[in-house]
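No lab work stands behind these numbers, since they all come straight from the coordinates. Nothing here was measured: the structure is a model prediction, and the numbers come from that model. A quick note on method: Cβ atoms are made from the backbone with ideal geometry, for glycine too, and the neighbour counts reach across all protein chains shown.
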Amino acid sequence: MAESTPRPGVLVTGGGQRLGAAVCEAFARTGWTVWCQYRASRAQAEALCARLRDEGHRTTAIEADIASEEGRRALIAKVTADGPLGCIVNNASAFEPDTGLDFDADAALRQLGVNLVAPLSLARLLAKSAAPGDGIDRSAIHILDQKVYNLNPDYFSYTVSKLALERAVALQAQSLAPAVRVCGVAPGILYTSGPQNQANFEKASRANLLRRPIDPADVARACVFLAGTPSVTGTTLCVDNGQHLVPLARDIMFVVDELLKKGSTP
Ligand SMILES: NC(=O)c1ccc[n+]([C@@H]2O[C@H](COP(=O)([O-])OP(=O)(O)OC[C@H]3O[C@@H](n4cnc5c(N)ncnc54)[C@H](OP(=O)(O)O)[C@@H]3O)[C@@H](O)[C@H]2O)c1
């Protein structure tokens, strides 16, 4: 890359809050330009970016509809007009309760759209933005879930979408090489979700080999590592305190619910 060319930046989808915000912070504090995509979390995304800019980092909040191809194309066009894009962290996801028996076809398709098609599409748009010989190391990092290595039938459509995305890491790495590296990061439980309350979360977050909560900053750091390590492609890192090695018959929040009802602890 020529001396005058700005350093490539990172696009984080669903970057306004929770894990997405931790990922934006980690990249910004490592010197990356950050584009933080949001859909509904405008206030959080803008506050996060303003805070990071106050620290001296280059961050911009961008509203976009990543559920449509038109929205994804417009997003990539906007970002690449602002500066060279080196990495996309596909963090946004929809997480809706259902089972293999009762799933609603439209809700399942919505989740597949956001959790599977959007990441695959954004990664290929990144590949298409590459000019031969421009010297930019490009990567797409798909945020998965330890569930893909530790199956239980709860959150059926969500799990199907993440299973497909996990399988697609190697496939897409083959498909997009040499323009874009493709990696996965599979976190364990990080935040309360759906109907889960704080008491449940306190217990659920320790149901892993290390018996302590997972620090979202560790997941974010893993993304920065993969984005900055040009020899890695087609592989997934679990950042889950070994949760994927603790098999459970149901989603951890339901297991804890049962234990709390019986007055015992996991
Ligand atoms: N939370 C956990 O404990 C956990 C555990 C394992 C894996 N993960 C994975 O880690 C990632 C982040 O988890 P999280 O809990 O921080 O995520 P989250 O809060 O559930 O969602 C992150 C963002 O995704 C965007 N989003 C959600 N539904 C969308 C839709 N239908 N269309 C477009 N955008 C949508 C939202 O952005 P706006 O708010 O701007 O609309 C939301 O803030 C996800 O990929 C998740 O699967 C999370």
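The region of the chain that goes longest without hitting one of the trypsin sites (Lys or Arg not before Pro) in a DSSP loop, each with at most 14 other Cβ atoms within 10 Å, is 1-210. For the range 111-242, relative contact order (Cα pairs under 8 Å, six or more residues apart, normalised by length) works out to 30 percent.
Taking the Cα centre of the range 102-220 as origin and assigning +1 to Lys and Arg Cβ atoms and -1 to Asp and Glu Cβ atoms, the resulting dipole is close to 240 debye. Between Ser231 and Ala164, full extension at 0.36 nm per residue minus the direct alpha carbon distance yields a gain of 21.7 nm. Among all lysine pairs in the chain that are eight or more places apart or on different chains, how many have alpha carbons less than 25 angstrom apart? Pairs that pass both the separation and distance tests number 8. A cut-off of 5 Å between modelled amide H atoms, ignoring neighbours fewer than 5 places along the same chain, links Ala140 with Ile88, Arg181, Val182, Cys183. Normalising the average separation of contacting C-alpha pairs (under 8 angstrom, six or more residues apart) by the number of residues puts the relative contact order of the chain at 18 percent. Among the GluC sites (Glu not before Pro) found in the range 1-100, those both in a DSSP coil and sparsely packed, with 14 or fewer other Cβ atoms within 10 Å of their Cβ, are Glu3, Glu55.
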